[in-house]
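Novice: There's a structure below that I have some questions on.
Just so it is clear, none of the values below were taken in a lab; they were calculated from the coordinates. Keep in mind it's a predicted model, so treat the numbers as computed, not measured. Positions of Cβ are generated from backbone atoms using ideal geometry, with glycine treated the same way; all protein chains shown enter the neighbour counts.
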Amino acid sequence: MLSYSLIDTLKTTLQKSKVQKLASIAGKQTFSVQELIDITFHQDEQIAFRAAWILENIFSLHQDRFFPHATYFLFKFPAQNNLSARRHYSKILALMTKKSASAALKELLANYDTEALVNTVFSWLIDEEVPVAIKSHCLNILANLSIKHSWIKEELIQTMDFLIDKESIGFYSKVKQIRKQLK
């Protein structure tokens, strides 16, 4: 069980410096990354969001601590319903699928059945309630996974064509970038 001090900490408003400090503490194995992933599903949406924010920082700053729990993260990804936590989840997955990801992450994803992830990301992309920041990460994820799943490219192009007039100018810019990547 995760220490109550972390949950107590997550009940308070966090600044970026505090999130990075907590990520560093996690980097020293003070608490379990898997338990932190579980807290991202906490019934208190603010606690879940803050846990996801720390998780993103652990991925960015201490990938060696995150990696042993990467499969668990991928398994839990489709179940994330907290929009604030989804922003961090989608960013982590976008970074995991990036061309410049570590060889270990590339191998993990090559051997992982990513079908549920792809379906989830497509559903987030077309959901009108999902903020554009998450959709931006979704575009990256799908473009990155189109190498593994060739059918994604055509489906993604059609989806972007459908959404282009319904979303913000920022989304339009991201679509232009993704179209270049897909060529």
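Novice: Relative contact order for segment 20-150 using alpha-carbon pairs under 8 Å, separation at least 6, rounded to a whole percent?
Specialist: 22
Novice: Another question about this same structure. Could you line up Ile54, Ile178 from fewest to most neighbouring Cβ atoms inside 10 Å?
Specialist: In order of increasing Cβ crowding within 10 Å: Ile178, Ile54.
Novice: Still on this structure, please answer the following. What percent do you get for the relative contact order of segment 122-165 when only Cα pairs under 8 Å and 6+ apart count?
Specialist: 31
Novice: Measure off 7 Å from each Cα along the Cα-to-Cβ vector at Ala110 and Thr71, then give the distance between these two points in nanometres to one decimal.
Specialist: About 1.7 nm, to one decimal.
Novice: When the Cα centres of segment 33-95 and segment 104-155 are compared, how far apart do they sit, in Å?
Specialist: Going from one Cα centre to the other spans 16 Å.
Novice: Moving on to the next point. Starting from the Cα gyration tensor of segment 91-183, multiply each eigenvalue by 5, take the square root, and state the resulting semi-axes largest first in whole Å.
Specialist: Equivalent ellipsoid semi-axes, largest first: 22, 13, 13 Å.
Novice: Over 23 Å between Cα atoms, which of Lys153/Lys176; Lys98/Lys166; Lys106/Lys183; Lys98/Lys174; Lys99/Lys166 qualify?
Specialist: In this structure, Lys98/Lys166; Lys99/Lys166 lie more than 23 Å apart at Cα.
Novice: Right, another one. Grab the other residues whose beta carbon is less than 13 angstrom from that of Lys174, score K and R as +1, D and E as -1, and report the net.
Specialist: That sum, taken over residues with Cβ under 13 Å, equals +3.
Novice: Report the percentage of all Cα-Cα pairs in segment 17-166 whose separation exceeds 23 Å, rounded to a whole percent.
Specialist: 34
Novice: Relative contact order, percent, of segment 89-183 when contacts are C-alpha pairs under 8 Å separated by at least 6 residues?
Specialist: That works out to 29 percent.
Novice: Taking 7 Å along the Cα-to-C-beta vector as the label spot, tell me the Ser32-Ser173 distance in nanometres, rounded to one decimal.
Specialist: Calculated label separation equals 4.2 nm.
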